[in-house]
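As structure tokens, the structure follows; a few thoughts come after it.
The values are calculated or read from the model by the stated rules, or taken from the named source; none is laboratory data. Not measured: the values here are computed from a predicted model. Positions of Cβ are backbone-derived with ideal geometry, glycine not excepted, and every protein chain shown enters the neighbour counts. Heads up: the accessible areas ignore ligands, DNA and RNA and are worked out on the full protein's heavy atoms, side chains in. Shrake-Rupley method; radii C 1.70, N 1.55, O 1.52, S 1.80 Å.
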Amino acid sequence: MKKICVFVGSRANYSSIKSVMRAVKAHPKLELQVVLGASAILDRFGKVEDLIRKDGFEPNFTFHNLVEGENPATMAKSTGLGLMDASMIFNNLKPDFLVVVGDRFEMMSVTLAAAYMNIRIVHTMGGEVTGTIDESIRHAITKFAHVHFPANEDSSKRIIKMGEDEEFVFNVGCPRTDLVAEELKNDSYDILKDLFKIYGGVGKEFDLTKPYLLVSQHSVTTEFGNNRKQIEETLKALEELEMPTIMLWPNADAGGDDISKGIRTYREKHNPQWLHLFKNLPTHIYIHLMNTTSCLVGNSSSGVREGAFIGTPVINIGTRQNKRLRTNNVIQVDYNAKEIIEGIKQQLTNGKYESSDMYGDGTAGDKIAEILTYVEPSIQKTITY
């Protein structure tokens, strides 16, 4: 039986790999190992560990490696600490494959540990172009990985152009789409009717059957020092519109603390009656919010990925996702309140878009698990360029 180790370091990681974890756990030829670290185990980022356990996944190991500060230096230090802890954990677990998700900095530490320890690396969602430091991390992981599961054909071709062996590149779609396809079978308004009662948050409650905005804006690490100004432009736009708004807390990237301070300061100073803040929400709740919101605002990849499948009107602000493959549901704007307002107004007029399968049809998890039962790449990679 093959041992498949999955590392989860953030709430975004979990939504991106949950369907794969479920498929691996259910497969008679595979054994699932779960390792948690970084922001996934911290209360101030919503502690997605609790949700993972509730979903029936018992972690084999957890480790603390996130250095507080959310700046480039602490991000680098966190990566180094993760490398040390991951090597010890992998030495105990002895997995046949390590599954690495996407492009976040915490993924680099476990990738390096596995590479030095001759553990085969499986990379999901590689080959994409976004235009920030995440892109460099993503492509670096691709060069370490032995098996590739890109989310679309464009990414698949790019991975092959990078010299990776075509035999081990499988265009399976995005595992996050699996959760969307499954969850949209349920009635969104029924799921969300007790949102504020169950998940709390801070701010005024409002009627989710009426138009509202959903905001998810994270820091751009290559623009460190500007992130507070960027969120302030977004808040300025939201203030002028005064539409009921649900806003999520930023992730643990460098500059995230600046965004948090900007949101906190604005709320304390203005006490906006149109704003409700959540630290974290379960994936299925977020999917239903995307399905019912009038517009998703910010720079989350969910607007590009899940948004394409759902048909969510999206305003993407700035550079964080501006080069990622997308459908016409996304309007690109700069860090400028006026542009953000104009974009939102346009999306309110446009309404919901047609669903697209650009990022998969909802079956990626099962495909990945099945492929892992028979694929046997050499530790010594074959490079084709």
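Below are the figures for this structure:
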{"quantity": "Listed peptides 29-36, 84-91, 95-102 by packing density, highest first (mean Cβ within 10 Å)", "calculated": "95-102, 29-36, 84-91"}
{"quantity": "In order through the stretch 36-47: 3J(HN,Hα) via Karplus (6.51 cos²θ - 1.76 cosθ + 1.60), integer Hz, x for Gly, Pro", "calculated": "10, x, 6, 6, 5, 10, 10, 4, 6, 10, x, 6"}
{"quantity": "The chain - percent of accessible surface contributed by carbon and sulfur, probe 1.4 Å", "calculated": "48"}
{"quantity": "Whether the stretch 235-385 is rounded, prolate or oblate, judged on the alpha carbon gyration tensor where a/c under 1.5 counts as rounded", "calculated": "prolate"}
{"quantity": "Per residue accessible area of the stretch 43-202, 1.4 Å probe, in Å²", "calculated": "42"}
{"quantity": "Fully extended contour minus Cα-Cα distance, from Asp194 to Thr209, at 0.36 nm per residue", "calculated": "4.2 nm"}
{"quantity": "Counting DSSP beta bridges with both ends in the chain, the antiparallel % (nearest 5)", "calculated": "5"}
{"quantity": "3J(HN,Hα) from dihedral phi, the stretch 250-256, Karplus parametrisation 6.51/-1.76/1.60, rounded to Hz, x for glycine, proline", "calculated": "x, 7, 8, 5, 4, x, x"}
{"quantity": "Value of D in µm² per second that Stokes-Einstein yields for the stretch 53-185, Kirkwood Rh from Cα pairs, at 37 °C (0.692 mPa s)", "calculated": "207"}
{"quantity": "Cβ-placed point charges (K, R +1; D, E -1), dipole of the stretch 36-107 about Cα centre in debye, nearest 20", "calculated": "60"}
{"quantity": "Cα convex hull volume per residue for the stretch 289-342 (Å³)", "calculated": "67"}
{"quantity": "Mean residue ellipticity (222 nm) of the chain, computed from DSSP H runs ≥ 4 via -39,500 (n - 2.57), nearest 500", "calculated": "-13500 deg cm²/dmol"}
{"quantity": "Cα convex hull of the stretch 39-82 - mean projected area over all directions, nm²", "calculated": "3.3"}
{"quantity": "Rg to Rh, two decimals, where the chain supplies the alpha carbon set and Rh follows Kirkwood", "calculated": "0.95"}
{"quantity": "Angle in degrees between helix 11-26 and the longest Cα principal axis of the chain, rounded to the nearest 10", "calculated": "40"}
{"quantity": "log10 of Debye I(q)/I(0), alpha-carbon scatterers only, for the stretch 329-385 at 0.15, 0.18 Å⁻¹", "calculated": "-0.71, -0.79"}
{"quantity": "Euclidean distance of C-alpha centroids, the stretch 7-43 and the stretch 170-201, integer Å", "calculated": "17"}
{"quantity": "Sum of side-chain charges, Pro95 neighbourhood, beta-carbon under 11 Å (Lys, Arg +1; Asp, Glu -1)", "calculated": "+2"}
{"quantity": "Descending principal axes extents, the stretch 106-264, alpha-carbon based, whole Å", "calculated": "53, 42, 28"}
{"quantity": "Ordering of 160-168, 59-67, 4-12 by burial proxy (mean other Cβ atoms within 10 Å per residue, highest first)", "calculated": "4-12, 59-67, 160-168"}
{"quantity": "Rel. contact order, % - alpha carbon contacts under 8 angstrom, at least six apart, the chain", "calculated": "19"}
{"quantity": "Mean separation of Cα contacts under 8 Å, 6 or more apart, over the residue count of the stretch 244-380: relative contact order %", "calculated": "19"}
{"quantity": "Values of log10 I(q)/I(0), in the order q = 0.20 Å⁻¹, for the stretch 59-98 under a Debye, Cα-only, solvent-free model", "calculated": "-0.63"}
{"quantity": "Percent of Cα pairs exceeding the 14 Å cut-off, where the set is the stretch 101-150", "calculated": "41"}
{"quantity": "Percentage relative contact order, the stretch 1-141, counting C-alpha pairs under 8 Å, at least six apart", "calculated": "23"}
